[in-house]
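Just below is one structure, and these are the notes that go with it.
Taken together, the values in this text are just the output of simple stated rules run on the coordinates, not laboratory data. Computed from a predicted structure; not experimentally measured. Cβ placement follows ideal geometry from the backbone for every residue including glycine, while neighbour counts extend to all protein chains displayed.
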Amino acid sequence: MSTDSPGFDPAAPYRLNPRVALRPEPFGALAYHFGTRKLSFLKAPALVELVRDLEAHPTVLAAVDHLAAPEKDRYLRALATLAETDMIVPA
Amino acid sequence: MKLVDQFKKGLSAPICLTWEWTYACNLSCTHCLSSSGRRDPKELTTAEIKAVIDELQRMQVFYVNIGGGEPTVRPDFWELMHYAVTHDVGVKFSTNGLRITPLRARQLVATDYVDVQISLDGATREVNDAVRGPGSYDTAIAAMANLADAGFAGFKVSVVMTRQNVPQLGEFKAIADRYGAQLRITRLRPSGRGADVWDDLHPTQGQQRQIYDWLVRHGDNVLTGDSFFHLNALGSTSLPGLNLCGAGRVVCLIDPVGDVYACPFAIHDAFLAGNVREAGFGRVWRESPLFAQLREPQSAGACASCGEYDACQGGCMAAKFFTGLPLAGPDPECVKGNAPTTGLAIPAQGKDHSHRKRVALGMPSVPAKPCDPSPLAVR
């Protein structure tokens, strides 16, 4: 699991970067970062929901707590990538 | 499902919207895909363009590619650009460099969400001006120098690949590097006036291989607008990009009079989806029967039996259409040489705003014998 990427700490609170907009799409959402002008594609509606609700949870781990093991790992990896690309930021 | 398969079914709004703001242009490039030159009297007004920008903001279209014609000849160009970027619609505009003065360059650097793309079709004055016209090379280079001097890092230098400039790929890269810009190369299309020069200018089979090999080596730092996916059948390395025709799915064009076409290379009634004046842009994007059809699975036609179809996807719809080829079947530049070359009915182009040829002033016609005394002239 690459949640050890520098900077990303799943034990800390995170939220969607205020400079990022999420556009709903049939497959999930398109995320656009107005600062870096980068596009990302969130390919699962569950991931979109997770990202939107991130700031309601005290930590990232708490936000994914309801998921089963293999899925939890996949979503944590996705969140780590989103943190690397500045799409989500420490709350 | 793979993301690319999702894209084929269309998105809620385009990712890459090209929007031409005028047909007017100071140049008369021989390969102009929109046959630009003269302004169309029915072009969208300032207020109409702002209304479409408002709609794009609501649809969350995060950036648009503005072109023409030469968009900066619109007197309201800077006002509209400012309006877009302050309404969450970023702007990348294509220009031949005409209005990129040192002052404008400094203003552009200070504006968020703006990117500039300078067109250059030859790495030397001779090759460029043969296509784009006398003086156009110097104009483009001066614009690049002004942007670089103002500190505009990473603007784009955009090259349409032709038989004459494929050997200059390295030189184009060097020019872009010299001005701290990023090189973008795209495919020549037989669209607009491009149809007139297609046979002479489109790269040879050997040059297509050269483009492919060069992109495999340098592709990570070079943009292509995904326009060379038909070359993927040349090797096992897929070129960077989506590798699909995005027409009506993730891409479309709004032309200067508000007509919406499936892609920027298809200004023709066969690809007209609607007009923003009638129903707004969103409704055309969502409800056009043409776009619905393009979002259905497409037939491979004559390509179905070719093992490379997955790699090349049959190539470019517009390139096929304007060379008289069936849309379900090989691209005219099919690297396997499978495209028929005879018996093709080339369709007429759509709108033509080309500059009118100069006509010498004077008598419209002179009688063959100015002093013919006969009271009757028979032709």
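Some notes on this structure:
- Within a Gaussian network of chain B (alpha carbon springs, distance under 10 Å), most fluctuating of B:SER354, B:SER288, B:SER119: B:SER288
- Gyration tensor (alpha-carbon) shape descriptor, chain B, a/c threshold 1.5: rounded
- Antiparallel content of DSSP bridges confined to the protein assembly as shown, in %, to 5: 40 percent
- Pairwise centroid distance, computed over Cα atoms, of region A:10-86 with region B:237-283, Å: 31 Å
- In chain A, the calculated helix contribution to ellipticity at 222 nm averages -9000 deg cm²/dmol per residue, counting -39,500 (n - 2.57) for every DSSP H run with n ≥ 4.
- Region B:42-127: trypsin sites (Lys or Arg not before Pro) in DSSP coil with no more than 12 other Cβ atoms inside 10 Å: B:LYS42
- Residue pairs exceeding 25 angstrom between C-alpha atoms, taken from A:LYS43/B:LYS8; B:LYS50/B:LYS320; B:LYS8/B:LYS320: B:LYS50/B:LYS320.
- Qualifying trypsin sites (Lys or Arg not before Pro) in region B:230-333, DSSP loop, other Cβ atoms within 10 Å at most 10: none
- Listed by Cβ neighbour count within 10 Å, with the fewest neighbours leading, A:SER40, B:SER374 appear as B:SER374, A:SER40.
- Order of B:TRP285, B:TRP19 - criterion: other Cβ atoms within 10 Å of each residue's Cβ, fewest first: B:TRP285, B:TRP19
- The DSSP beta bridges internal to region B:3-323 are antiparallel in roughly 15% of cases.
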